[in-house]
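Following: one structure in structure tokens, then a few remarks.
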Amino acid sequence: MPEICPKCGLPKEICVCSVLDRETESKIKIYSKKAKFDKIMTIVEGINTDELDRTTKTLKQKLACGGTSKDGAIELQGNHKDNTKKALVRMGYKEDIIDVI
């Protein structure tokens with residue numbers, strides 16, 4: 001017997017909870033700031049905490065950079081603002097909820 005999702009009650013194979021969570025999220029902000037030694041970091045805020053680690057790992061792979069997730073935000077090494085938005089859209093996030101500052 002397949003596992004049942006506790007949120008929607010559907011089998012895990014056809015569960016759509018993660019897709020629905022992405023669609024009902026608040027705004028995602030992408031901006032850059034200077035870190036130690038005048039290095040530039042790209043910060044992504046507004047990702048759901050349930051998907052934060054998975055999204056961080058995927059962004060690091062797609063953008064070929066280092067990074068981490070701290071305090072509910074994703075910190076990527078380098079200036080990747082435009083490419084981060086493209087990668088998030090390919091991952092299933094709606095383009096109109098992503099703001100690049």
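The values are calculated or read from the model by the stated rules, or taken from the named source; none is laboratory data. All figures in this text were calculated on a predicted structure; none of them were measured in a lab. Virtual Cβ from ideal backbone geometry, glycine too; neighbours counted across all protein chains shown.
Tabulated results
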quantity: Enumeration of residues in segment 43-53 that are touching a helix residue (DSSP H, G or I) at 6+ places or on another chain (Cβ under 9 Å) and surrounded by fewer than 16 Cβ atoms within 10 Å (Cβ to Cβ); calculated: Asn48, Asp50
quantity: Qualifying positions in segment 60-87 - of a type in the set (S, T, N, Q) and either within 17 Å of Ile28 (Cβ to Cβ) or crowded, with 17+ Cβ neighbours inside 10 Å (or both); calculated: Ser69, Asn83, Thr84
quantity: Qualifying residue in segment 35-42 (condition: of a type outside the set (Phe, Trp, Tyr), part of a helix (DSSP H, G or I), out of contact with any strand residue (DSSP E or B) (no Cβ under 7 Å at 6 or more places or on another chain) and loosely packed, with under 11 Cβ neighbours inside 10 Å); calculated: yes
quantity: Filter result (in contact (Cβ under 8 Å) with a residue 24 or more places away in the chain and part of a loop (DSSP other than H, G, I, E, B)) within segment 47-95; calculated: Ile47, Asn48, Asp50, Glu51, Gly72, Gly78, Asn79, His80, Met91, Gly92, Tyr93, Lys94
quantity: Count of segment 64-92 residues which are over 11 Å from the mean Cα position of the chain (by Cα) and among the hydroxyl-bearing types (Ser, Thr, Tyr); calculated: 1
quantity: Flag if Lys33 is modelled with pLDDT of 90 or more and farther than 20 Å from Ile101 by Cβ; calculated: no
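Residues checked against (1) touching a His at 6+ places or on another chain (Cβ under 7 Å); (2) at pLDDT below 90; (3) not basic (Lys, Arg):
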| position | (1), (2), (3) |
| --- | --- |
| Met1 | no, yes, yes |
| Cys8 | no, yes, yes |
| Lys12 | no, yes, no |
| Val16 | no, yes, yes |
| Leu20 | no, yes, yes |
| Glu25 | no, yes, yes |
| Phe37 | no, no, yes |
| Arg54 | no, no, no |
| Lys62 | no, no, no |
